Amino acid sequence: MAVLAAAQLLDELMGRHRNTNPNEKIKKPNWEDPEYCKYYMVKFCPHDLFVNTRADLGACPKVHDEEVKELFDKAESSYKKSQYVEEFLRFCKHMINDVERKIQKGKQRLELMNSKPEGPPMTQAQTEKNQEQVQLLSEKITSLVQEAEEAGIRGDVEQAQGLMKLCDRLKEEKEQLLKQQENSHWSMTAELAAAQEKQMEVCPVCGAFLIVGDAQQRIDDHLSGKQHVGYFKLRQAYEEMNESREKEQQEKERRRREDRERERSSRSGGGLGGLGSDRRDRERMERDRERDRERSDRDREREREKDKDRERHRMVREERPSRHDDRERERERDRDRERERDRERRHRKERRSPYERTSVRRRSRDRH
Ligand SMILES: [Zn+2]
Ligand SMILES: [Zn+2]
């Protein structure tokens, strides 16, 4: 709970070994130890981005350590290291997909409700109280998950299951509170828009409701707000890293092709056998092995993703109350897929500048 956050703060201020006896030998940290946060090592931890916003992820259960991050940076490239990057990218992508869904929902809401407020927005005091409760619940959930894990390790299945059930209840409570915040945000924006006789729009980065042609101060507040900045960072990091990863893969592929061609031409040239071709054969086998390794890693990766997708869809299905929603979800999924394909197509045609997001930002400023 709060103790965990306090311990993390002390770790950051005084180092992890703050309680170690000065005569004791300190074990050198290893970035591969499971207690360290992979996301933090790779770039940043998404848990830090949305603290006290509607998108709050709760406290990160893993350790953030600057020294370990440096060790990771300096470590030679390896399969394990690249897996950390993959995991970071996967988490970012998952969050981006979530916010994209939210953006779509927001747009539908705008179309359907014609910007009418839905009940009065919360007062400042109510909002603060709501946020406080959300934070308390997040902390409780994090510590319950930890307790449940410990119980599981001890083999106390009943205890672990009980704790997880409690955890689910708290998660539901938190969802409700966040929904209240979301509705209040909608009502407040709708009231403001109605008073100014202006339209509403959905922020293409973070999914918040905005007023078209709003006062500059409120636009700036939004653009520098935690939620918008958080999603902006997430998207930027994902695009940059994904692009450089793709470039790397293309480069590897190109080198392989060149090697193959060189080999073919030297074979057809004939007479160049002997020791040289032995060595080339060995090199080729080595490269093939490497390629196979990468390929099976990728396959495993894809399988895992598919499993997760299936799991997600199953959960969504269970939550859904009606057939109508089923069809809606189906359509949404189709649209998602279509968009994904579109994006990929575009991506292949024109290499996009990593600053595109900045231009989105600039565009929305220009309009006002
Ligand atoms: Zn973390
Ligand atoms: Zn935004």
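The values are calculated or read from the model by the stated rules, or taken from the named source; none is laboratory data. Note that the structure is a prediction, hence the values are computed from the model and not measured. Don't worry about glycine lacking a Cβ; one is built from the backbone with ideal geometry, like all the others, and counts go over all protein chains shown. Just so you know, the surface numbers come from the protein's heavy atoms only, side chains and all, with ligands and any DNA or RNA stripped out. Shrake-Rupley method; radii C 1.70, N 1.55, O 1.52, S 1.80 Å.
Each residue was assigned an accessible area with a 1.4 Å probe, and for K247 the value is about 120 Å². The candidates D48, D214, D156, arranged from most to least accessible area with a 1.4 Å probe in the full protein assembly, appear as D48, D156, D214.
Computed with a 1.4 Å probe over protein heavy atoms only, the accessible surface of the stretch 118-196 comes to 63 Å² per residue. Cα-based radius of gyration for the stretch 118-196, normalised by 2.2 N^0.38 Å, reads 1.52. With just the Cα atoms defining each centre, how far is the stretch 182-222 from the stretch 108-170? Give it in Å. Taking the Cα centre of the stretch 108-170 as reference, the centre of the stretch 182-222 is 26 Å away. Under a 5 Å amide H cut-off, with hydrogens placed 1.01 Å from N, M200 pairs with V212 among residues at least 5 apart or on other chains.
Using heavy atoms of the protein chains and a probe of 1.4 Å, the accessible area assigned to S78 is about 50 Å². Only protein heavy atoms count here; on that basis, with a 1.4 Å probe, L136 has an accessible area of about 100 Å².
Look at the dipole of the stretch 163-273 built from charges on Cβ: of V205, L192, M164, the Cα furthest out on the positive end belongs to M164.
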